[in-house]
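Working notes, beginning with the structure itself.
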Amino acid sequence: MAAGSPTARRGRLAEIFRFALVGGVNTGTFFGCYLLLHPWMPYFAAYSLAFVLSMIGSFFLNTYFTYRTRPTWKKFALFPLTNLTNYLVQSVGLYALVTWAGMDDRIAPLVAAVVAIPFTYLISQRILVPRNTGQDTDDSGPGSETDERQPSRLA
């Protein structure tokens, strides 16, 4: 299937839709975990644990559902880079929108979050989707970086 074909474009749009859906589920999971944990521990501990739990859930949802690929330990170790990217883009965006553009600081975080989505999508795709290098490697096989995308039973 050619990269610019209508089928490829539909596939990419479906992938972006699944990514957005996982983001919504992840946000809900984070907030739900935070609310459940907060009565039992200090707020920052609840925040941190909820963040880690939702990030783990996001990793598996994105590998199996969004990108339809197999999780590996390497991908799992690199996945927090997507959250770091999101945080950095949102932080810089927030600062720029409030300080330079004069945007209301109650609205700017939402705009910065929307601006960060494409960056987060591209980084997560780079980490989670195997790339065809055209080279044979000795470490191919189940769970390796050379695995092809696998059909998902979730979609």
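The values are calculated or read from the model by the stated rules, or taken from the named source; none is laboratory data. Being a predicted model, the structure only gives us computed values, none of them experimental. Please note: Cβ atoms are built from the backbone with ideal geometry, for glycine as well, and neighbour counts cover all protein chains shown. Each accessible area value is taken on the protein alone, full model and side chains, heavy atoms only, with ligands, DNA and RNA left out. Shrake-Rupley method; radii C 1.70, N 1.55, O 1.52, S 1.80 Å.
Structure above, values below:
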| quantity | calculated |
| --- | --- |
| Residue selected from the stretch 24-41 under the condition farther than 19 Å from Phe119 by Cα and open to solvent by 70 Å² or more (accessible area, probe 1.4 Å), by the criterion nearest to the chain's Cα centre (by Cα) | Phe31 |
| The stretch 108-138, subset modelled with pLDDT under 90 and either closer than 20 Å to Thr72 by Cα or among the hydroxyl-bearing types (Ser, Thr, Tyr) (or both), residue surrounded by the most Cβ atoms within 10 Å (Cβ to Cβ) | Pro130 |
| Members of the stretch 42-56 found to be over 24 Å from Thr120 (Cβ atoms), in a helix (DSSP H, G or I) and open to solvent by 60 Å² or more (accessible area, probe 1.4 Å), listed by number | Tyr43 |
| Boolean, Leu21 is part of a helix (DSSP H, G or I), buried (at least 16 other Cβ atoms within 10 Å of the Cβ) and either touching a Phe, Trp or Tyr at 6+ places or on another chain (Cβ under 9 Å) or touching a residue at least 24 places away in the same chain (Cβ under 8 Å) (or both) | no |
| Residues of the stretch 1-18 classified as at pLDDT 90 or above and not in a helix (DSSP H, G or I), total | 0 |
